[in-house]
Amino acid sequence: MGLGELLQFDEMLRDFNRMNKRQSLYQILSFAMIVSSALMIWKGLMVVTGSESPIVVVLSGSMEPAFHRGDLLFLTNYKEEPVRVGEIVVFKVEGRDIPIVHRVVKLHEKEDGSVKFLTKGDNNNVDDRGLYAPGQLWLTKKDIVGRARGFLPYVGIITIFMNEYPKVKWAILSILAIFVLLHRE
Amino acid sequence: MHTVLTRGNATVAYSLSVLACLTFCCFLSTVFLDSRTTAHVNTVKVLVKNVPDYGASREKHDLGFLTFDLETNLTSLFNWNVKQLFLYLTAEYKTPDSVLNQVVLWDKIILRGENSALDFKNMNTKYYFWDDGNGLKNNKNVSLYLSWNIIPNAGLLPTIRSLGSHIFKFPAEYSIASV
């Protein structure tokens with residue numbers, strides 16, 4: 001018994017052949033529905049949290065043992081909420097694609113409300129000045145992508161795995177797409 | 001129609017939803033708990049120097065030195081949804097230049113199961129107490145307090161300031177002697 005027979009691919013294909021135009025159009029529509037609702041949820045979260053990327057995956061061990069690779073963080077970025085020492089912020093540095101998740105350890109706020117602050121990873125021995133852009137000594141509010149508010153372990157490891165093995169990603173995505181398009185309810 | 005795929009799919013989907021539900025209940029059971037408690041902080045030795053800050057601008061900045069006592073019992077903060085406490089000691093003060101300055105001087109990670117009744121005497125700070133200018137000398141109102149950030153198994157990441165802080169002042173003269 002082959003794998004194709006086991007998964008009854010032939011039956012699925014027979015299903016597909018039996019579909020008329022209306023039915024196959026319906027399948028395509030429901031597929032588009034899945035994609036667009038996922039996009040809507042993401043964009044909706046962006047509006048509610050004020051952050052350009054409301055959910056991030058931890059990619060490095062610099063905050064261990066609090067966060068490990070593959071943990072999920074939920075961010076908010078409300079402009080009126082002040083930054084304070086001890087908060088975990090996600091920030092972008094010029095010349096680096098990947099945002100960094102570290103803790104604020106030093107902060108100076110001027111009378112006009114402008115803030116400059118310094119960050120450090122819990123698991124690092126030194127502060128982040130070496131990670132910032134050359135000549136940059138402080139972060140300001142515009143560098144912040146969000147502030148960590150919620151934590152969910154392990155879930156993000158799937159995306160790390162998919163990014164490290166792009167072939168696996170495309171295989172999984174195409175199998176899912178085929179399944180949704182061909183499967184008859 | 002019971003293929004390996006449909007059976008596998010149903011099993012995985014069901015166990016994942018049970019897991020998600022349990023995780024959410026775990027989060028709900030601890031989200032309304034009060035995580036405040038008292039911490040007694042005291043400074044022992046305080047002095048200030050004026051030296052070039054090579055880490056930042058190379059200009060001469062005020063650099064404070066202090067040793068502190070810390071006594072607190074955080075055992076009550078731990079429950080089944082607390083993986084780790086991140087403790088940090090903050091010095092907060094005002095200068096003519098800035099309305100708010102916060103510098104973390106010391107921190108400590110306490111994992112669940114580790115000793116959380118702390119009693120430190122005459123501790124050195126872990127990090128340098130650099131001011132962003134010359135605002136430490138003769139500063140009469142520097143408050144020192146402990147805070148913690150709770151890292152759950154799954155849930156919110158609150159930062160909580162302890163009840164009770166210590167206010168101290170820096171001397172009016174720079175200290176010349178090496179520490």
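Annotations
- Only a single criterion out of (1) within 19 Å of B:ILE109 (Cα to Cα); (2) over 24 Å from the mean Cα position of the chain (by Cα); (3) among the aromatic types (Phe, Trp, Tyr) is not satisfied by A:PHE151, namely (2).
- Among the residues of the range A:53-68, those identified as closer than 20 Å to A:GLY130 by Cβ and surrounded by fewer than 23 Cβ atoms within 10 Å (Cβ to Cβ) are A:LEU59, A:SER60, A:GLY61, A:SER62, A:GLU64.
- Within the range B:87-107, the set of residues being of a type in the set (A, V, I, L, M) and facing another protein chain (nearest Cβ under 7 Å) comprises B:VAL99, B:LEU100, B:VAL103, B:VAL104.
- Residue within the range A:69-85 that is outside any strand (DSSP E or B), facing chain B (nearest Cβ under 8 Å) and crowded, with 22+ Cβ neighbours inside 10 Å present: yes
- Selection from the range A:86-120 of residues that are within 11 Å of another protein chain (Cβ to nearest Cβ) and in a loop (DSSP other than H, G, I, E, B): A:GLY86, A:GLU87, A:GLU111, A:ASP112, A:GLY113, A:SER114
- Selection of the range A:121-154 for residues being at the interface with chain B (Cβ under 8 Å from one of its Cβ atoms), assigned to a strand (DSSP E or B) and of a type in the set (D, E, K, R) yields only A:ARG149.
- Members of the range B:140-164 found to be within 14 Å of chain A (Cβ to nearest Cβ), in contact (Cβ under 8 Å) with a residue 24 or more places away in the chain and in a loop (DSSP other than H, G, I, E, B), listed by number: B:PRO152, B:ASN153, B:ALA154, B:PRO158, B:SER162
- For the range B:113-139, the set of residues classified as within 16 Å of the chain's Cα centre (by Cα) and in a loop (DSSP other than H, G, I, E, B) consists of B:SER116, B:THR125, B:LYS126, B:TYR127, B:TYR128, listed by residue number.
Readers should treat all values here as calculations from the given coordinates under stated rules, not as data from a laboratory. Owing to the predicted nature of the structure, the values given are computational and were not obtained by experimental measurement. Counting neighbours? That spans all protein chains shown, and the Cβs are built from the backbone with ideal geometry, glycine included.
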